[in-house]
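Student: Right, I'll just put the structure down here and ask away after.
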Amino acid sequence: MRFTPDSAFVADVLDIVDTIPPGRVMTYGDVAAALGSRAARAVGQVMSHYGSDVPWWRVIRAGGHPPIEHEDRALPFYLAEGTPLVTSATAYRIDYPAARWSPS
DNA sequence: CAAGTGACTTTAT
DNA sequence: AATAAAGCCACTT
């Protein structure tokens, strides 16, 4: 049960994610909103299957956390791109208010 | 058309 | 801060 790569939804999501510049991020909900939809979960599924071809680490959750189970792999990218982060003793989160970006 | 599946979001414990 | 529950959307069976 996987998303069809021919779906317009998939193409749009990948296109938007690919548009996010380094050092900036968007939440799943924002990406969905950019598509005129609220399918945050659907966006997550697209990333899960086709995220390999786009900067998936620039798409995070509402609380400023990277995709579940992938936060450790995403951290190096943030450090390298200078993405606003709020580090903690045991974890970290994105400084969403400062890093948030929307297509113009 | 109905049911199941998520890299989600929000609100309430 | 961590969990739980309910709501939502696109897609597959």
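Student: Suppose we filter A:Ala11, A:Ala34 for residues that are free of Cβ contacts under 8 Å to residues at least 60 places away in the same chain and either out of contact with any strand residue (DSSP E or B) (no Cβ under 7 Å at 6 or more places or on another chain) or of a type outside the set (Val, Ile, Thr) (or both); which single one remains?
Tutor: A:Ala11
Student: Restricting to segment A:1-36, and then to whatever is more than 8 Å from DNA strand C (Cβ to nearest atom) and among the polar types (S, T, N, Q), can you tell me which residue is surrounded by the fewest Cβ atoms within 10 Å (Cβ to Cβ)?
Tutor: A:Thr19
Student: While we're here: Within segment A:29-104, considering only helices (runs of 4 or more DSSP H) that don't extend past its boundaries, which have at least 2 residues that are in contact with a helix residue (DSSP H, G or I) (Cβ under 9 Å, 6 or more places away or on another chain) and modelled with pLDDT of 95 or more?
Tutor: Details: elements: A:40-50, A:71-81, A:96-99.
Counting at least 2 such residues, we get A:40-50, A:71-81.
Student: Which of the numbered conditions does A:Thr83 fail, given that it passes all the others? Conditions: (1) more than 12 Å from the chain's Cα centre (by Cα); (2) among the β-branched types (Val, Ile, Thr); (3) within 9 Å of DNA strand C (Cβ to nearest atom).
Tutor: Just one mismatch for A:Thr83, condition (3).
Student: Out of all the residues in segment A:56-94, which are β-branched (Val, Ile, Thr) and either under 23 Å from A:Arg41 (Cα atoms) or within 10 Å of DNA strand B (Cβ to nearest atom) (or both)? Lay out the reasoning, then the answer.
Tutor: Filtering segment A:56-94 down to residues β-branched (Val, Ile, Thr) leaves A:59-60, A:68, A:83, A:86-87, A:90, A:94.
Answer for segment A:56-94, where residues must be β-branched (Val, Ile, Thr) and either under 23 Å from A:Arg41 (Cα atoms) or within 10 Å of DNA strand B (Cβ to nearest atom) (or both): A:Val59, A:Ile60, A:Ile68, A:Ile94.
Student: Touching a Lys or Arg at 6+ places or on another chain (Cβ under 8 Å), over 15 Å from A:Ile94 (Cβ atoms) and surrounded by fewer than 17 Cβ atoms within 10 Å (Cβ to Cβ) - does that describe any residue in segment A:38-48?
Tutor: Within segment A:38-48, not a single residue is touching a Lys or Arg at 6+ places or on another chain (Cβ under 8 Å), over 15 Å from A:Ile94 (Cβ atoms) and surrounded by fewer than 17 Cβ atoms within 10 Å (Cβ to Cβ).
The values are calculated or read from the model by the stated rules, or taken from the named source; none is laboratory data. All values reported here derive from a predicted model rather than from experimental measurement. FYI the Cβ positions are ideal-geometry reconstructions off the backbone, even for glycines, and counts take in every protein chain you see.
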